[in-house]
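Undergrad: Can you read through this structure? Questions will come right after.
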Amino acid sequence: MKRFVVAATLVLIGTAQAQELTPVAIAMSGWTGFAPLTLAKDAGIFKKNGLDVTIKKIPQKDRHLAIASGDVQCAATTVETWVAWNAAGVQTTQIFQLDKSFGADGMVVKPSIAKIADLKGKTVAASAPGTAPYFTLAWMLKKNGLSVKDVKVVNLEPQAAANAMIAGNQDIDAAMTYEPYLGAVRAKPEAGKIIATTLDYPMIMDTFGCTPKFLAENPKAAQALATSYFQALDMIKAEPKKAFEIMGADVKQSAEQFEASQKYLRWQDKAANQKFFAGEHAQFSKEAAELLLEAGIIRQLPDMSKLADTRFIQ
């Protein structure tokens, strides 16, 4: 009887502890820059900080739909994408920066293409309008005197776009992709050459955000999300091999392969976050919004003053 009482008590305690965890659903992809979120979940960091996190792998082009439907409360994506989502009426607020790309996003072209300007009239594989690869394409074209109207865009997600180049698809002259898929192209130079990356055009930076409703109702959970991310970065420094194994497993890479792919980006710690949101974020968001308008991706500017909430990185 005593054993039964003890067992029942433990069950009740366990249930009470489980109820204390705040459920949060996050939409993201297998992009290397988002991997510390996976680490925070799989290493128990989120749970330790009072969160019951569910990560849903959703293509960038559909992530705002998941937010609008209430299927997820938070997401990871590029800075300019938040501008597009808010312009489309999907209210979201960024609360911390995840990473900056240093060569992790790029344009792959057929050997016959010597420079970006040569793409005029050619076919480029890229994700749909409103995604980072499409924006990267628009940005690179503009910097070389072209626009997306000067090329034929075939919508393929980053992994499929890279695979098309590797397979030698004759109908595609160039492709927009990112790590870890860009690494697969690096490994097979005969498939095509990487003509430009974010080392040449530093304009890909990712942030984490949630709906204003979630932030208003769960400020402690929002703080826990930011804290957990920074603790995941600490774990990467303290236990790199273990961390790379966990993050690599999520995208079917070995620890060594994942370590190689993460060299092309920089995860942003708290100090880097504070510096970024002090000025660069607003400046880049403004320039990005102008390009989004020009490319016809958005029809009007959202309220630019409500794109970020920096309470949780102080």
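Undergrad: Given the conditions (1) more than 22 Å from A187 (Cβ to Cβ); (2) surrounded by fewer than 20 Cβ atoms within 10 Å (Cβ to Cβ); (3) touching a strand residue (DSSP E or B) at 6+ places or on another chain (Cβ under 9 Å), which single one is not true for G89?
TA: Condition not satisfied by G89: (3).
Undergrad: Report those helices (runs of 4 or more DSSP H) wholly inside segment 175-291 carrying at least 2 residues which are without any contact (Cβ under 8 Å) to a residue 24 or more places away in the chain and farther than 30 Å from A88 by Cβ. Talk me through it step by step, then tell me what you get.
TA: Values: elements: 181-186, 212-217, 219-238, 240-250, 255-262, 270-275.
By residue number, 181-186, 219-238, 240-250, 255-262.
Undergrad: Filter segment 51-65 down to the residues that are at pLDDT 95 or above and crowded, with 19+ Cβ neighbours inside 10 Å, then identify the one that is nearest to A224 (Cα to Cα).
TA: Among those residues, the one meeting the criterion is L51.
Undergrad: I've got another one for you. Looking at (1) at negative phi; (2) surrounded by fewer than 19 Cβ atoms within 10 Å (Cβ to Cβ); (3) modelled with pLDDT under 95, find the lone condition where G168 falls short.
TA: Answer for G168: the failing condition is (1).
Undergrad: Please state which of the following conditions I297 fails to meet, knowing it meets all the rest: (1) surrounded by 19 or more Cβ atoms within 10 Å (Cβ to Cβ); (2) within 18 Å of the chain's Cα centre (by Cα).
TA: So I297 meets the others, but not (2).
Undergrad: Filter segment 195-229 down to the residues that are among the hydrophobic types (A, V, I, L, M, F, W, C) and surrounded by fewer than 19 Cβ atoms within 10 Å (Cβ to Cβ), then identify the one that is nearest to A114 (Cα to Cα). Before you say what the answer is, go through the steps one by one.
TA: Just the residues of segment 195-229 that are among the hydrophobic types (A, V, I, L, M, F, W, C), to begin with: 195-196, 199, 203-205, 208, 210, 214-216, 221-222, 224-226.
Add one more test, that the residue is surrounded by fewer than 19 Cβ atoms within 10 Å (Cβ to Cβ), and what stays is 199, 216.
Working: L199: 18, A216: 51 Å.
For segment 195-229, the residue satisfying everything is L199.
Undergrad: Test each condition in (1) among the hydrophobic types (A, V, I, L, M, F, W, C); (2) surrounded by fewer than 21 Cβ atoms within 10 Å (Cβ to Cβ); (3) over 25 Å from A84 (Cβ atoms) for L291 and report the one that comes out false.
TA: (3)
Undergrad: Would you call A226 over 30 Å from I67 (Cβ atoms), out of contact with any Gly (no Cβ under 9 Å at 6 or more places or on another chain) and of a type outside the set (K, R)?
TA: Details: over 30 Å from I67 (Cβ atoms): no; out of contact with any Gly (no Cβ under 9 Å at 6 or more places or on another chain): yes; of a type outside the set (K, R): yes.
No; evaluated as a whole, the condition is false for this residue.
Undergrad: If you don't mind, there's one more thing I want to ask. Please enumerate the residues belonging to segment 155-206 that are among the hydrophobic types (A, V, I, L, M, F, W, C) and over 26 Å from W267 (Cα atoms). Talk me through it step by step, then tell me what you get.
TA: Going through segment 155-206, the residues among the hydrophobic types (A, V, I, L, M, F, W, C) turn out to be 156, 160-162, 164-167, 172, 174-176, 182, 184-185, 187, 191, 194-196, 199, 203-205.
Result: L156, A164, M165, I166, A167, I172, A174, A191.
The values are calculated or read from the model by the stated rules, or taken from the named source; none is laboratory data. Keep in mind the model is a prediction, meaning the values are calculated, not measured. Ideal geometry is used to build each Cβ from the backbone, glycine not excepted, and the neighbour counts take in all protein chains shown.
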